[in-house]
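The values are calculated or read from the model by the stated rules, or taken from the named source; none is laboratory data. If you're wondering where the values come from, they're calculated on a predicted model, not measured in any experiment. Positions of Cβ are generated from backbone atoms using ideal geometry, with glycine treated the same way; all protein chains shown enter the neighbour counts. Ligands, DNA and RNA are excluded from the accessible area calculation, which covers all protein heavy atoms including side chains. Shrake-Rupley method; radii C 1.70, N 1.55, O 1.52, S 1.80 Å.
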Amino acid sequence: MSEINTQRRSFLKTSVGAAAVAVAPGMLLFDIAHGKAEGASSKVRWGMLIDTAKCKPGCNECVTACNKENGLSGGIAATDSQWIRKIELKDISTGRELSLPMMCQHCENPPCVDVCPTNASMKRADGIVLVDKHRCIGCRYCMMACPYKARSFVHEPLHDQNPDVPRGKGTVESCTLCVHRIDQGGKPACAEACPNNVILFGDLNDPNSEIAMKLRTVASVQIRADLHLNPGVRYQGI
Ligand code: SF4
Ligand code: SF4
């Protein structure tokens with residue numbers, strides 16, 4: 001039996017009770033971990049607006065913050081999990097260069113959720129797309145379905161995990177929008193760490209939120225808008 005299967009079986013044996021409460025989509029993960037049972041609200045839709053004009057080539061503060069917050073290795077091996085990456089783009093006709101962070105786009109119509117055979121990939125009522133590691137069988141269909149290459153399979157041994165971000169070897173994972181922080185009234189680690197205020201986080205549904213007001217006044221785009229996935233992450237300056 002492979003090491004992954006051995007770990008999975010032993011985990012399932014010891015956590016049947018935990019799995020029974022952890023699989024309910026829409027629950028606040030922090031509340032489950034702390035014995036409360038409140039649901040995420042569909043009145044809210046969490047999202048981010050990324051200002052590419054402010055994002056500096058070579059700056060990786062958001063990537064470093066995400067790795068630290070979520071207990072990721074930072075890509076020691078090429079196959080190690082990565083939830084956010086910096087992309088450098090160059091327009092060959094004008095020479096204009098762009099640098100932007102790319103993570104799970106928290107699609108309203110997520111293909112990763114559509115293809116998942118076990119309902120491990122799920123979308124919360126507030127728009128956050130997650131993987132329930134207790135249900136994930138590691139088939140990786142969602143990785144193939146995601147047009148943003150936002151998902152990773154956990155090959156690497158796990159240690160030094162953040163207790164609020166439990167991970168599972170042999171499962172698929174991606175940016176959680178730092179749901180454990182949001183459920184405590186905080187904001188994503190990448191948005192907090194960015195020295196240039198590139199990432200604006202907030203409620204897309206609240207017309208008085210900073211992000212909603214900004215989206216009404218600046219030109220913004222959805223990456224691969226042609227796919228009609230309506231991502232919660234929007235970009236300006238592209
Ligand atoms: Fe799923 Fe990819 Fe969309 Fe994230 S970006 S919700 S992983 S399809
Ligand atoms: Fe990583 Fe959190 Fe930013 Fe997502 S929101 S990329 S999990 S730091």
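See the values below:
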item: Partners for K43 among lysines (Cα-Cα distance below 22 Å; same-chain residues under 8 apart left out); result: K123, K187, K214
item: Two-decimal log10 I(q)/I(0) for the range 107-202, as the Debye equation yields it once each C-alpha is a single scatterer, q = 0.20 Å⁻¹; result: -1.09
item: Carbon plus sulfur fraction of accessible area for the range 29-183, probe 1.4 Å, in percent; result: 53
item: Inter-part distance where the range 202-225 and the range 154-174 are each reduced to a Cα centre, Å; result: 32
item: FRET efficiency, L89 to K54 (Cβ-Cβ, R0 25 Å, nearest 0.05); result: 0.95
item: Quotient of Cα Rg and 2.2 N^0.38 Å for the range 117-165, N being how many residues it contains; result: 1.25
item: Proximal aspartates and glutamates relative to K68, as straight alpha-carbon distance under 20 Å, when same-chain residues fewer than 8 apart are discounted; result: D80, E156, D160, D164, E173, D183, E192
item: Full-extension gain in nm, K43 to A125, via 0.36 nm per residue minus C-alpha separation; result: 28.7 nm
item: Hydrodynamic radius of the range 42-236 per Kirkwood, over alpha carbon pairs, in Å; result: 17.2
item: For the range 68-106 and the range 124-152, distance of Cα centres in Å; result: 18
item: Residue-by-residue Karplus 3J(HN,Hα) for the range 131-146, coefficients 6.51, -1.76, 1.60, Hz, glycine and proline x; result: 10, 7, 5, 6, 9, 5, 9, x, 6, 6, 4, 5, 5, 6, 6, 6
item: Proximal charge balance of C62 [Cβ under 13 Å; K/R count +1, D/E count -1]; result: +2
item: At 0.890 mPa s and 25 °C, Stokes diffusion of the range 175-238 via Kirkwood alpha-carbon radius, µm² per second; result: 189
item: Probe 1.4 Å, protein heavy atoms only - accessible area per residue of the range 172-225 in square angstrom; result: 46
